[in-house]
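The values are calculated or read from the model by the stated rules, or taken from the named source; none is laboratory data. None of the values given here were measured: they were computed from a predicted structure. For neighbour counting, all protein chains shown are included, and Cβ atoms are generated from backbone atoms with ideal geometry for every residue, glycine included. To get the accessible areas, we keep the full protein, side chains included, count just its heavy atoms, and leave off ligands, DNA and RNA. Shrake-Rupley method; radii C 1.70, N 1.55, O 1.52, S 1.80 Å.
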Amino acid sequence: MSKPRRRALRLGVAGWIAIAVVVTAVVVAIAAPWLAPQLPTGGSILEQFEPPSVTHPLGTDVDGNDILSRLMYGARPSLLGPLLVVVLALLIGVPIALASAWRGGVIDTAIGRALDLIFAFPTVLIAALLVLVVGRGLPAAIVAISIAYIPYTTRLTRTMALRERNKAYILACEVQGLSTAAIMFRHLLPNISRFIIAQATIAFGFALIDLAALSFIGIGIIPPAPDWGIMVGDTTSIAQGNYTGVIAAAGCIVAIVGAFTLLGNRLDEGSELK
Amino acid sequence: MTALLEISGLTISIPSSSGDHLLVDGVDLRVDTGSSVALVGESGSGKSVTARSILRLLPDRAKVSGDVLFEGSSIFAMSNAELMRFRQTKVAMVFQDPRASINPMRTIGDFLIDGLRAGRDLARASAVEEATRLLGIVGVSRAEDRLQQYPHEFSGGMLQRVMIASAVGSGATLLLADEPTTALDVSIQAEVMALLGGLRDEFGLSVLFITHDIDLATSHCDRIDVMYAGAVVESRASSDLVAAPRHPYSAALMGCRTHIESRSARLVAIDGAPINASAARGRCAFEDRCSFAAAACSDGRPDAMSLAGDGYVRCVRADEIANDLVRLLHRPSDELAAVVAPIVIAATGLRKEFKVRGAATPTVAVDDVSLTLRRGETLGIVGESGSGKTTLGRLLLGIESADAGTIVVDGALRDGRARSAAERRKRGRQLQIVFQDPYTSLDPRQTPVSAVTEILALHRADLGRDGRLSSAVRLLREVGLDDRQCSALPAELSGGQRQRVAIAKALAADPAAIILDEAVSGLDVSIQAQVLNLLADLQESTGVAYLFISHDLSVIRQIAHRVMVMRDGSVVEEGATVSVLTDPVADYTKQLLAAVPSAAGPAA
Amino acid sequence: MIFGVLTLASGDPLAALLGNRTPSPERVAQLQAQYHLNEPFLVQYWLWLTDAFRGDFGDSIVYQTPVSSLLRQAAPISIALILMAEAMIVAIGLCAAVVAARHRGAPDAIVALASSLAISIPIFVFAVLLTIIFGKTLGVLPTVGAGTGGWDRFSHLLLPAFALAIGSSALLARVGRSAMREEIDSPHVATEVARGIPSHHVFRRHVFRNSLPPLLAVIALQIPALIAGTVVVERAFNLGGIGTLLLAGVNAGDFPLVQAIALLIVIVTVTLGVLVDILHAMLDPRMSLAGNQ
């Protein structure tokens, strides 16, 4: 029997850098209309592929749009999308997971089977079917990725909730006469909340990737709306040897995903009893 | 006799960011050819690390000084090839938990043959033959078939036999047995100890036995070395130690143990909790907890003082307090008298079956069990794993519903799970529980005060906020917590302190009875004694009744008025503790009693 | 289970079929007849199911050819891609895991850093970077199309498979490292060391062997992601496999094509999942026992 100890959150230098990256991205996304030198769309094809200049700090893309402005405006769907995915997946997944872990038995098995079923559908396939039915755009992409993420959130939360539920203190609460709601919200949920937040943070990064991937393959956000996934998937620019927009957008995605993954892992390190 | 193993000045520390963490501090130890030596200590005393260092099984970053000589040559001077050879052929080790210590994904045959081929360069066919023979020697029947089986098809006791078979097969002359029976049931424990004893005689093995159980040590070994905080405080022949321990710690360790032959009026309590070797560096490690501490005790670390005959002790006052120490030893006292009081729990004809996936017939966990418990009384329920004692507790609590039978607790009929919040709350005032594992029985985010206050808010709305707070503090003081501990998080408390908090929580609702489910089994003996004394005091002051579930007969003897012996879900014997334990009727009870190690010294 | 999958996969054919076009009533009637849309839902479903069982998924609306022949053309490319990627995942992931588990210190730290980086980089970014570096700048490997037969196919798929594999192999390396570390620190490995079993035997028979079941579980969990990644990679390298067909079908509202691909993908995912389960049972004696009872 080792002595359990809850580790405090240790960010380290990398953790602070990650927070700085996230904060910068959020500020830029909110303040894009004021910060961006140009509008992200409506450029003239005559100004295609201009080199960096004072008016276009990163030059222009294939449609003559300012690349820096597209990056800044592109931060909006790239942050809002994953946020909605994570919130949706948690709102649906966590209650199901808690019910499943608490009740056990047939309910637990049935929920497990249903999750397995959803899990057999790759994200792209769910998105494809949804787009076929309701049409292309950010909402369809967000719903599709959320559906795909529900099994993850639910499974992870259920495992953790079940482990906690089987600990003696929860049983002791029942024997004391505490109501199920009190046990759930005063004891069980607070004890697994850090784990849930950690997993949600990691999932945020993956949702960003998956949403951008949908834009990249052409079933996510509709061009010419500014989006990092669309920018990376600009095949015309690649074919013509102009990589500025592609690399810059790719860099943004990797930086944000890296930051969220790192923060999630840091949170997770402390969430389990060692 | 010649020394087979000689450890001198062994010091082991692990470097960490906050300085070196000292684990073992200058241990001297000697095992003669053909003898058996026990290294006795509580958790964290450094006994296992000492044993592991003999095979150089320490982490790479560990700093080691001093020397370990085996047959006169230093094991620290060995080359890698020599070390492998030494591990293969000279010294074998048997670990505490056989189920964790044998690879679950390989067969028993693979396990034995790997060892034989590495150590004795046997061809495969002859290794198979030898493995079969070895299993026979350690008493595993149908050896040929069993070689094909996997560890999960073996019981814990059988797996430990396999481990021992591997040790015998290596041809080792020294066996290191690290708590080899701690994870096993009492009757299996006795069988494994008997097997080890037999092999010692048959193959001339020497044994270094690592244990926390001083009775087990004195009844099976020739010599005892008592360890505390990384150092040996007393080294004696078993019979000398049993007659007259010379170190206050050894004496207290013997005095705080419960006994199967008779009960003590009150167990010796050692105040506080064990400290680690780092904290004890350069001084008497036991001074803080010693009831004989004097000014002289603060003058650095006591030297080893040779004793008449044989052995030594590290205590500057050893001669002055010799007579006082003998008084700490167990003295039989009056048995607990039968309790005449109103009944608080009455259960009749309880039965519970569990469906096992794939099995045709369900397993009967509890079979026609009836019991009564009176106010102020303790009923001991004894059984090995699988006896149904824990399920019985869950039925009484209403966590499981019985398939047949009735339960009346505090005048109210209980039928399965509570159906309403009000009923659940009412039940909370009737019957409470304290669990075995002190590390999971408290919410890691709640301080003792807030945990107890939460319960008081549920049952004592009349008290008001301030009243509840002061009642909570009063209750926690009563179970022996100080102010700082009252508002500390569970992670900052020791196992014994956590168990005190669990007891306070159980008492908070002022229930008629408390189920103590192996509630002292996870604690070190000195802490166990403190908690047993506390339980007795609380019963005296509040009149609460205990249902004391345990596998340990001597603890039952100490605390229970009556006892019920269970096996495979049924009650095999029941009656006043003294009559059941001194004059058992059922064969199974006799068998259990015979398996308990006697504190009276070596049987031979 | 399959029933539920198929119901979902059937989607809403009429809406999908008509999409944003405004067809003449005759065309509607013709389509309805062709796709049995005037039948009740369950009948439609049954007709589609029985046809699908015979390998007949109807005609693609965009390509105006039988869906089955389109699939037959595209499938070999996707299958080759997935197999190559899986081989790379296992090879790279296991090697990195073994190195990190056996050598504490620098090698461990390097694998940890490389794997966090690889996990953070999306497949499509990898694909584009590889295209730029190998195709445009170095010009050593083809980055467009799937090539034809043998070596040509292999060299065309090399970069796509690598782009597909890198993230999953990083995850495998991580899980593998911690699984192996856990085994190295386990009591049963201590037993083997104490018995003087040579360290390469201990690693192979006890550490590596015992860490395979959790690794297999990771591979199983990654299957849907791998298939989703295939679609992305096929698009990035213009491979013309199943994924390319799927995208073409979605963009054109070609519901028979999308339906067929959805069915195919789900069947492949489920089958691979079952195969991994069987392999898991074969590897772990405790599992096979539980299965028999």
Where does each of A:Trp102, A:Trp16 land when they are ordered by accessible area, with a 1.4 Å probe and the largest first? A:Trp16, A:Trp102
At R0 = 45 Å, how high is the FRET efficiency between C:Arg286 and A:Val54 if r is their beta carbon distance? Nearest 0.05 is fine. 0.05
Compute, for B:His330, the solvent-accessible surface of its heavy atoms (probe 1.4 Å) with the complete set of protein chains present, and express it in square angstrom to the nearest 10. 50
In the range C:102-118, which residues give up 50 Å² or more of accessible area once the other protein chains are added, compared with their chain alone (1.4 Å probe)? none
Whenever you get a sec, line up A:Tyr243, B:Tyr546 from highest to lowest accessible area (probe 1.4 Å, protein heavy atoms). A:Tyr243, B:Tyr546
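Interface size between chain C and chain B, please: total buried accessible area, 1.4 Å probe, rounded to the nearest 100 Å².
Accessible area lost upon association: around 2100 Å².
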For the range C:93-136, which whole-number percentage of the solvent-accessible area (1.4 Å probe, protein heavy atoms only) is attributable to carbon and sulfur atoms? 78
When only Cα pairs under 8 Å and 6 or more residues apart are kept, what is the percent relative contact order across the range A:97-193? 30
When the charge dipole of chain B is computed with +1 at the Cβ of Lys and Arg and -1 at the Cβ of Asp and Glu, the Cα pointing farthest to the positive end, of B:Leu456, B:Ile321, B:Leu208, is that of B:Leu456
Can you list, bin by bin at 10 Å, the percent of alpha carbon pairs in the range B:490-556, starting at 0? 19, 57, 23, 1
Interface residues of the range A:131-164, defined as losing at least 40 Å² of accessible area versus the chain alone with a 1.4 Å probe, are A:Leu132, A:Val133
For the range C:67-248, max minus min Cα coordinate along each principal axis, in Å, sorted largest first? 61, 38, 27
On average, how much accessible surface per residue is there in the range B:341-458, in Å², for a 1.4 Å probe, leaving out ligands, DNA and RNA? 42
Residue-level accessible surface for A:Lys167, protein heavy atoms, 1.4 Å, Å²: 40
Put +1 on the Cβ of every Lys and Arg and -1 on every Asp and Glu Cβ in the range C:67-248; which of C:Ala165, C:Phe208, C:Leu245 then has its Cα farthest towards the positive end of the dipole? C:Phe208
Could you size up the charge dipole of the range B:89-131 around its Cα centre, putting +1 on the beta carbon of Lys and Arg and -1 on that of Asp and Glu, and report it in debye to the nearest 20? 80
Quick one: check the C-alpha center-to-center distance for the range A:208-248 versus the range B:479-557, whole angstrom. 65
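Please say if the protein assembly as shown is rounded, prolate or oblate, where rounded means a/c under 1.5 for a ≥ b ≥ c the square roots of the C-alpha gyration tensor eigenvalues, and otherwise the choice is prolate for a/b larger than b/c and oblate otherwise?
On the way: a/c = 2.06, a/b = 1.75, b/c = 1.18.
Prolate.
Calculate the FRET efficiency for C:Ala75 and A:Thr235 from the Cβ-Cβ distance with a Förster distance of 30 Å, rounded to the nearest 0.05.
Values: r = 24 Å, r/R0 = 0.81.
Efficiency computed from Cβ-Cβ geometry: 0.75.
Wrap a convex hull around the Cα atoms of chain A, take a quarter of its surface area, and give that in square nanometres.
Averaged projected area of chain A's Cα convex hull equals 17.9 nm².
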Quote the FRET efficiency, to the nearest 0.05, computed for B:Asp201 versus B:Glu153 with a Förster distance R0 of 25 Å and r equal to the Cβ-Cβ distance. 0.20
I'd like the carbon and sulfur percentage of the solvent accessible area for chain B, probe radius 1.4 Å, heavy atoms only, ligands and nucleic acids excluded. 49
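Mind grabbing the interface size between A and B? I mean buried accessible area, both sides, 1.4 Å probe, in Å² to the nearest hundred.
Values: alone 14170 and 25950 Å², together 37730 Å².
In total, this chain pair buries about 2400 Å².
Which whole number gives the average, over all residues in C:223-236, of C-beta atoms from other chains lying within 10 Å of the residue C-beta?
Rounded to a whole number, the mean comes out at 6.
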Under the definition of partner shielding as Cβ atoms of other protein chains within 10 Å of a residue Cβ, what is the mean value for peptide C:125-131? 6
Output row A,C: buried area (accessible, probe 1.4 Å, summed both chains) in Å², nearest hundred, equals 3300
Losing no less than 20 Å² of accessible area (probe 1.4 Å) relative to the isolated chain, the residues of the range B:41-86 are B:Leu57, B:Met84
Whether the range A:1-153 is rounded, prolate or oblate, judged on the alpha carbon gyration tensor where a/c under 1.5 counts as rounded: oblate
Take the alpha carbon atoms of the range B:300-349, find their center, do the same for the range C:166-224, and report the distance between the two centers in whole angstrom. 48
Per the 1.4 Å probe, what fraction of the accessible area of chain A, in percent, lies on carbon and sulfur atoms? 69
Per residue value of the accessible surface for the range C:67-248 (all protein chains in place, 1.4 Å probe), Å²: 38
For a test of the definition: using alpha carbon positions, the gyration tensor, and the 1.5 limit on a/c, classify the range B:1-85 as rounded, prolate or oblate. oblate
To the nearest 20 debye, what charge dipole does the range B:277-345 have about its Cα centre, counting +1 at the Cβ of each Lys and Arg and -1 at the Cβ of each Asp and Glu? 260
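On average, how many beta carbons from a partner chain sit within 10 Å of the beta carbon of a residue in A:112-124?
Shielding by partners across A:112-124 averages 6.
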Rounded to whole Å², per residue accessible area for the range A:138-274 with a 1.4 Å probe reads 32
Distance from the Cα centre of the range A:59-100 to that of the range A:116-138, in angstrom? 17
Positive-end extreme of charge dipole, the protein assembly as shown - chosen from B:Thr363, C:Val98, B:Ala488 (charges on Cβ): B:Ala488
Got a sec? What order do B:His561, B:His152, C:His103 fall in by accessible area at 1.4 Å, biggest, i.e. largest, first? C:His103, B:His152, B:His561
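How large is the dipole of the protein assembly as shown about the Cα centre if only Lys and Arg carry +1 and Asp and Glu carry -1, each at its Cβ, rounded to the nearest 20 debye?
Charge dipole of the protein assembly as shown: 1260 debye, to the nearest 20.
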With both partners inside the protein assembly as shown, how many of the DSSP beta bridges are antiparallel, as a percent to the nearest 5? 60
Using a cut-off of 28 Å between alpha-carbon atoms, which lysines can reach B:Lys505, once sequence neighbours fewer than 8 places away in the same chain are excluded? A:Lys3, A:Lys167, A:Lys274, B:Lys389, B:Lys426
If each DSSP helix of 4+ residues adds -39,500 (n - 2.57) and the sum is divided by the residues in chain B, what number results at 222 nm, nearest 500 deg cm²/dmol? -10500 deg cm²/dmol
Got a number for the accessible area of A:Tyr73? Probe 1.4 Å, square angstrom, nearest 10. 40
